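These notes concern the structure reproduced below.
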Amino acid sequence: MKKTIIRTMSVAFVAVAMTACNNQAPKVEEKTQASADAVATKIAYVEVDSIMSQYKFCKEYSLILQKKSQNIQNTINAKGQSLQAAAAKFQQDIQSNKYTQQQAEAVQAGLQKQDADLRALQQRLGNEFQAETEKFNTALRDSIQHYLAAYNKDKKYALILSKAGDNILYADKAYDITNEVISGLNKAYKPAPAKKETK
């Protein structure tokens with residue numbers, strides 16, 4: 001899950017500007033102006049791992065997703081063990097000649113239906129979890145993009161890059177705005193009110 005989130009985060013900060021290449025040799029004046037523009041361009045970066053570990057929204061939602069994943073696993077495991085026990089008992093009863101052929105076929109059909117139902121449940125819960133994870137990734141990306149848009153009105157950065165692992169081979173710490181961004185994100189974050197559990 002964390003890799004998925006990090007891949008999503010890597011897209012969240014990046015603004016790309018492209019300039020068409022001119023096949024003709026540039027004039028000296030144009031080259032000088034381009035160099036001056038490059039020097040004046042403000043660039044910053046944010047450490048994705050720090051966002052994931054320190055942004056309250058990330059921390060809270062990660063715990064929610066971990067709990068849901070564990071609940072799904074527990075549900076599937078419990079139903080799977082119950083089905084295995086029923087299948088084992090069926091085999092024992094068959095060997096003990098406890099069923100007529102018609103009864104055995106009925107029990108076997110019931111076990112096959114339970115197996116199909118379990119597979120369908122696993123698929124449905126997996127899809128729901130994936131949808132919830134995608135919802136989180138979208139909300140995370142949106143919250144960061146909205147914050148950076150407001151943050152950058154004063155800062156005037158041309159690019160704010162995401163740094164995850166070695167996707168940026170070298171970055172001067174002078175351009176690292178991670179702590180500033182995390183502080184702003186946490187200040188702006190308003191956690192959703194806790195839902196009352198229904199009995």
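Give me the 1.4 Å probe accessible area per residue for the range 121-199, excluding ligands and nucleic acids, in Å².
72 Å²
When a 1.4 Å probe is rolled over the protein heavy atoms, the share of accessible surface on the range 117-199 that falls to carbon and sulfur comes to 53 percent.
Amide H contacts of L161 (H built 1.01 Å from N, in plane; Pro and chain starts excluded): A44, Y45, V46 sit under 5 Å, all sequence-distant by 5 or more or on other chains. With the simple spin-label model, which puts each label point 7 Å out from Cα in the Cβ direction, the K173 to Y99 separation comes to 7.0 nm. Placing +1 on the Cβ of every Lys and Arg and -1 on the Cβ of every Asp and Glu, with nothing else charged, gives the range 42-170 a dipole about its Cα centre of roughly 380 debye.
Expressed in nm to one decimal, what extension gain is obtained for the pair Q114 and F129 from 0.36 nm per residue of sequence separation less their Cα-Cα distance?
That pair, Q114 and F129, stretches by 3.2 nm at full extension.
The string of couplings for the range 155-161 from the Karplus curve (6.51, -1.76, 1.60, θ = phi - 60°) is 6, 6, 6, 6, 9, 10, 9 Hz, one whole number per residue in order, with x for Gly and Pro.
Calculate, in nm to one decimal, what T138 and D49 gain on full extension: separation in residues at 0.36 nm each, minus their alpha carbon distance. Can you show the working numbers first?
On the way: separation 89, 0.36 × 89 = 32.04 nm, distance 1.73 nm.
Extra length from T138 to D49 when fully extended: 30.3 nm.
Residue-wise HN-Hα couplings along the range 81-96, as the Karplus relation 6.51 cos²θ - 1.76 cosθ + 1.60 with θ = phi - 60° gives them from phi, are 5, 4, 5, 4, 5, 5, 5, 5, 5, 4, 5, 5, 5, 4, 5, 8 Hz; Gly and Pro carry x. When both the range 153-192 and the range 85-151 are represented by their alpha-carbon centers, they are found 40 Å apart. Every Cα-Cα pair in the range 135-194 was counted, and those over 13 Å apart are 71% of them. A full extension of the chain between N152 and L121 corresponds to an added length of 6.6 nm, given 0.36 nm per residue minus the alpha carbon distance.
The values are calculated or read from the model by the stated rules, or taken from the named source; none is laboratory data. All values reported here derive from a predicted model rather than from experimental measurement. Don't worry about glycine lacking a Cβ; one is built from the backbone with ideal geometry, like all the others, and counts go over all protein chains shown. Just so you know, the surface numbers come from the protein's heavy atoms only, side chains and all, with ligands and any DNA or RNA stripped out. Shrake-Rupley method; radii C 1.70, N 1.55, O 1.52, S 1.80 Å.
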